[in-house]
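S.K.: One structure is given below, represented as structure tokens, and several questions about it will come after.
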Amino acid sequence: MVVGASFAGLACALALARAGVRVTIAEKKTDPGAKLHTTGILVRDVVDGVPILQGLPASLVRRVDAVRLYAPNLRSVDLRAPGYYFLATDTPGVLRWLADRAVQAGAELRCDTAFRGAQPLAGGYDLGAPLGRTDFIVGADGPASRVAKALGLGTNRQFLAGIEHEYPGAQLGEPGFLHCFIDRRLMPGYIGWMVQGVHGVQVGLARRLRAQGAAEMKSAMAGLLAKLAPIADFRGRAVASVRAGLIPCGGLVRPLARARALLVGDAAGLVSPVTAGGIHTALAHGLAAGDAVADFLAGRSGDPRREFIDTYPRFRVKRLLRFAFDHFQSDTFFNLALATEPMRWAAGRIYFHQRAVMLESPAEQRRFEAP
Ligand SMILES: Cc1cc2nc3c(=O)[nH]c(=O)nc-3n(C[C@H](O)[C@H](O)[C@H](O)COP(=O)(O)OP(=O)(O)OC[C@H]3O[C@@H](n4cnc5c(N)ncnc54)[C@H](O)[C@@H]3O)c2cc1C
């Protein structure tokens with residue numbers, strides 16, 4: 001049983017089904033592409049490194065080659081790395097495509113079916129009606145995992161809160177950039193962003209989670225839209241959908257597994273504490289979890305707790321960077337330091353996995369782009 005039909009759960013179920021395991025995916029929503037809470041940007045490493053994405057239809061993605069990083073005073077630098085790019089996605093379409101692949105491989109997808117609890121049995125769990133009995137359960141049910149709580153596994157404790165507006169049909173003047181905004185007042189602990197997506201423009205922000213919750217997020221979003229107005233003005237424009245959700249940023253939960261049960265994706269805290277990107281790790285470790293569980297169930301390997309969980313990333317450096325950003329973020333610092341060498345190093349690590357080239361003037365950019 002895999003709980004959750006999003007990136008981690010679908011990748012895991014696909015691997016299990018391909019290995020010949022009878023697998024059911026329980027999803028509480030009516031459809032894996034409904035009510036999403038993610039921008040859905042994929043980094044190049046995902047496309048190259050996660051084999052199940054081979055064959056992703058071109059109509060579901062839009063390539064973005066560079067990052068324009070704005071200081072709080074809106075001064076900006078352009079960042080790109082040779083051969084590196086991001087993909088904005090039609091995320092509901094990508095999830096439906098992944099779900100179709102899992103079903104074609106033999107997985108059973110049961111939508112409108114929530115996991116509610118589990119009783120341990122000899123050699124598995126009883127999940128109650130309508131799910132019944134399972135030999136192994138994978139919790140891929142997101143940041144506030146119910147599987148983790150029901151089985152006494154670790155739960156996420158540190159979060160960013162994210163919100164995003166979608167403006168279908170809108171067009172940015174500079175669509176080749178992922179526009180990222182630093183501003184401690186509006187986005188403490190993280191950034192705002194604006195990207196030309198597949199069907200329009202997506203504008204969003206994430207910030208440290210505080211008690212005031214929804215009202216505070218709404219007011220921060222209004223502040224970001226006002227700030228962006230000189231670059232692209234979306235105030236007063238109809239919002240097609242709002243994507244909002246929690247982003248775990250405290251690293252891996254503990255414990256991640258018990259006999260015949262493990263967590264993957266956001267449920268496991270498998271999200272970069274710095275970039276808050278979790279799709280890559282959800283897909284990559286979802287697939288690997290599926291392979292490990294299939295090997296275990298077929299008697300080809302030992303308990304996945306020992307054989308597999310050690311491969312999860314620990315995010316040590318990224319947790320340190322998050323601590324620094326949480327405690328020492330300063331708008332004055334970013335206004336002054338944006339174009340300096342240490343910032344190039346930091347931005348390179350964050351956006352391009354150390355392959356960054358920083359370009360400031362159009363002339364430098366033309367030189368860089370020349371063959
Ligand atoms: C605003 C925002 C923007 C983001 N943008 C990006 C981005 O651009 N790039 C990136 O890499 N990461 C991004 N992230 C993070 C990324 O979305 C997550 O890391 C990723 O979705 C994790 O996938 P997952 O499969 O682990 O969990 P989720 O995507 O959270 O999916 C969990 C699934 O489980 C289902 N579920 C939950 N409870 C139950 C239950 N009891 N029974 C049955 N089903 C259940 C849910 O309905 C859902 O389908 C963003 C996050 C937010 C909040």
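The values are calculated or read from the model by the stated rules, or taken from the named source; none is laboratory data. Because the structure is predicted, anything quoted here is derived from the model rather than measured. With ideal geometry, Cβ positions are generated from the backbone for all residues, glycine too; neighbour counts draw on all protein chains shown.
S.K.: When you check A292 against the structure, is it modelled with pLDDT under 95, touching a strand residue (DSSP E or B) at 6+ places or on another chain (Cβ under 9 Å) and surrounded by 15 or more Cβ atoms within 10 Å (Cβ to Cβ), yes or no? Let's see the steps before the verdict.
M.R.: On the way: modelled with pLDDT under 95: yes; touching a strand residue (DSSP E or B) at 6+ places or on another chain (Cβ under 9 Å): yes; surrounded by 15 or more Cβ atoms within 10 Å (Cβ to Cβ): yes.
Considered against the rule, which asks whether it is modelled with pLDDT under 95, touching a strand residue (DSSP E or B) at 6+ places or on another chain (Cβ under 9 Å) and surrounded by 15 or more Cβ atoms within 10 Å (Cβ to Cβ), A292 comes out as yes.
S.K.: Out of A292, A288, A298, report the one residue that is in contact with an Asp or Glu (Cβ under 7 Å, 6 or more places away or on another chain), farther than 29 Å from Q202 by Cα and touching a residue at least 12 places away in the same chain (Cβ under 8 Å). If you could, list the steps in order and put the result at the bottom.
M.R.: Details: A288 fails: in contact with an Asp or Glu (Cβ under 7 Å, 6 or more places away or on another chain); A298 fails: in contact with an Asp or Glu (Cβ under 7 Å, 6 or more places away or on another chain).
The conditions single out A292.
S.K.: Pairs under 7 Å by beta carbon, first residue surrounded by 16 or more Cβ atoms within 10 Å (Cβ to Cβ) in the range 208-220, partner modelled with pLDDT under 90 and not in a helix (DSSP H, G or I), six or more apart or different chains?
M.R.: R208/G189
S.K.: Can you give me the number of residues within the range 305-353 that are hydroxyl-bearing (S, T, Y) and over 19 Å from S76 (Cβ atoms)? Break it down into steps so the answer makes sense when it comes.
M.R.: From the range 305-353, those hydroxyl-bearing (S, T, Y) are 311-312, 330, 332, 340, 351; that's our starting set.
If we keep only those that are over 19 Å from S76 (Cβ atoms) as well, we get 311-312.
Final tally of qualifying residues: 2.
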